[in-house]
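The values are calculated or read from the model by the stated rules, or taken from the named source; none is laboratory data. Computed from a prediction, not measured in an experiment: that's the story for all the values here. Virtual Cβ from ideal backbone geometry, glycine too; neighbours counted across all protein chains shown.
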Amino acid sequence: MRAHERFLKYITFDTQSDENSVSCPSTAKQKVLGEYLANEMREMGLSGVSMDENGYVYGTVPASAGSEEAPVMAYIAHMDTSPAASGKDVKAVITHEVTADGERDVIRSDGTTLLGADDKAGIAEILTAAEILLQDPDAVHPEVRVVFTPDEEIGRGTDLIDMDKVNASYAYTVDGGEVGELTYECFNASSARIVIRGESYHPGDSYGKMKNAILIAQEFIAMLPADETPAATRGREGFYHLEEIRGDVSCCVLNYILRDHDRNILGKREETVRQAAGLLNEKYGGVEAEITESYANMIEAIMPKYAFLLDRVREVYREMGIVPDEEPIRGGTDGARLSFLGLPCPNLGTGGHDFHGPHEYITIQSMDKATEVLVRLAAKFAAEDRQ
């Protein structure tokens, strides 16, 4: 099968994750796709296939003859789709388009849902590459671990991953944008929760007594730099992002995410939040700030020791005539967390665009190309590790 054929089946599964759920996976429907994938992997001939109680799917492509001693590599993708738009009853529409860059066959939804290329395209490309490695007698490759995770879209993709089952020396997540993307640098990230406790009185009898938590929250927001928000920053510029505000006169809660590619600058952002909360607490009382680290910039865990993981991808891209896109990602990946768990894990693009909404699309040609990248990369690791 070609990758897009698998993909068109996978997007019929509704696997939207739920950030308000405390279970793992956050939605039981993710395990329905997980069971389907596990069965498909067994039928293809992968060994050691399993799905655990938390919805993580594992399997292995055995090494080709002569490559049994090469270090194990892993390809990883996630099964869930974003809560930002519906992933139920996805109806794919394929159009043939002629552009200045050539002809392409574009897969979109009908505009009422997201498509699901993030990251069912990665799953389809990994399993198509696995099938090629298993069926082609001339394919040379190390042992390749295949891992599919739940809940990546809500930041929990590696929370309960079994590293003993992964048991690889290095890995790549297959997720994200255009073929040629090579991501090994992401934000340092933390979250800030500001709790403001006010004093509520009848508005006709409030003089000198009422403390309106909503107005105090407004003061707090005004104390942060207005031009350092996601809408006003790009490239390596970090930001303060107010994700949620809820409450009333008596209590108001603000939830922020703080981001920066530079860990020291992120620390300064955290201190700015603490100082603003402290000043308001001195003025009004009842103001608290809780800051929690989310993830760190993966480049710190990959460079320089594992620079060869990047070099080998660049070699494959060069052989295929692909121009690498190595811009730092303005977000985070499962690979960032895995890298700090001891499994260096850059990210490779799938060919998808405009994720998390009804304008999402991917082309059949880019999926074929991404699959070829994975096959060639496995061969390169086997060949170089035997030298």
Problem set entry | Identity of the residue in region 128-153, of a type in the set (Val, Ile, Thr) and surrounded by 18 or more Cβ atoms within 10 Å (Cβ to Cβ), that ends up farthest from residue 81 (Cα to Cα) | 140
For this session: Mind listing whichever residues of region 236-255 are touching a helix residue (DSSP H, G or I) at 6+ places or on another chain (Cβ under 7 Å) and either within 16 Å of residue 330 (Cβ to Cβ) or at pLDDT below 95 (or both)?
Result: 238, 239, 240, 241
For this session: Can you work out which of the residues in region 187-218 that are out of contact with any helix residue (DSSP H, G or I) (no Cβ under 6 Å at 6 or more places or on another chain) and among the charged types (D, E, K, R) is farthest from residue 275 (Cα to Cα)?
Result: 205
For this session: Could you list, in sequence order, all residues of region 274-326 that are β-branched (Val, Ile, Thr) and touching a strand residue (DSSP E or B) at 6+ places or on another chain (Cβ under 8 Å)?
Result: 287, 291, 292, 313
Problem set entry | Residue within region 58-74 that is modelled with pLDDT under 95, within 25 Å of the chain's Cα centre (by Cα) and among the acidic types (Asp, Glu) present | no
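Within region 102-119, is there a residue that is closer than 29 Å to residue 49 by Cα and either in contact with a Ser or Thr (Cβ under 6 Å, 6 or more places away or on another chain) or among the polar types (S, T, N, Q) (or both)? Walk me through how you get there before you give the answer.
As a first pass, look at region 102-119 and keep what is closer than 29 Å to residue 49 by Cα: 115-119.
From the residues that got through so far, the ones that are either in contact with a Ser or Thr (Cβ under 6 Å, 6 or more places away or on another chain) or among the polar types (S, T, N, Q) (or both) too are 115-116.
Looking for residues that are closer than 29 Å to residue 49 by Cα and either in contact with a Ser or Thr (Cβ under 6 Å, 6 or more places away or on another chain) or among the polar types (S, T, N, Q) (or both), one finds at least one in region 102-119, hence yes.
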Seminar exercise, completed: If we ask which residues in region 93-131 are within 20 Å of residue 175 (Cα to Cα) and either hydrophobic (A, V, I, L, M, F, W, C) or touching a Lys or Arg at 6+ places or on another chain (Cβ under 7 Å) (or both), their number turns out to be 15
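I'm checking my understanding of the structure. Among residues of region 76-102 that are charged (D, E, K, R) and free of Cβ contacts under 8 Å to residues at least 12 places away in the same chain, which one is surrounded by the most Cβ atoms within 10 Å (Cβ to Cβ)? Don't jump to the end; show me each part of the working.
To start, the set of residues in region 76-102 that are charged (D, E, K, R) comprises 80, 88-89, 91, 97, 101.
Of the ones still in play, those that are also free of Cβ contacts under 8 Å to residues at least 12 places away in the same chain are 97, 101.
On the way: 97: 10, 101: 6.
Only one residue fits best here, namely 97.
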Problem set entry | Test: residue 164 is at pLDDT 95 or above and surrounded by fewer than 21 Cβ atoms within 10 Å (Cβ to Cβ) | yes
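Given the structure, is residue 105 in contact (Cβ under 8 Å) with a residue 12 or more places away in the chain and assigned to a loop (DSSP other than H, G, I, E, B)?
Values: in contact (Cβ under 8 Å) with a residue 12 or more places away in the chain: yes; assigned to a loop (DSSP other than H, G, I, E, B): no.
It is false that residue 105 is in contact (Cβ under 8 Å) with a residue 12 or more places away in the chain and assigned to a loop (DSSP other than H, G, I, E, B).
So in region 49-68, with the set limited to residues that are part of a loop (DSSP other than H, G, I, E, B) and small (Gly, Ala, Ser), which one is nearest to residue 80 (Cα to Cα)? Explain how you work it out, then say what you get.
If we filter region 49-68 for residues that are part of a loop (DSSP other than H, G, I, E, B), which is where we start, we get 52-56, 62-68.
So of that shortlist, the ones also small (Gly, Ala, Ser) come out as 55, 63-67.
Working: 55: 11, 63: 29, 64: 31, 65: 35, 66: 37, 67: 33 Å.
Across region 49-68, the extreme among qualifying residues is 55.
Scan the strands (runs of 3 or more DSSP E) fully inside region 120-202 and keep the ones with 2 or more residues being closer than 14 Å to residue 334 by Cβ.
Details: elements: 144-149, 170-174, 188-197.
Output list reads 144-149, 170-174.
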Exercise. Within the set of pairs 6+ apart or on separate chains, which have a first residue in region 171-200 that is on the phi > 0 side of the Ramachandran plot and not assigned by TED's automatic domain parsing to the domain that holds residue 269, a second that is hydroxyl-bearing (Ser, Thr, Tyr) and surrounded by fewer than 24 Cβ atoms within 10 Å (Cβ to Cβ), and C-beta atoms under 7 Å apart?
Worked result: 180/317
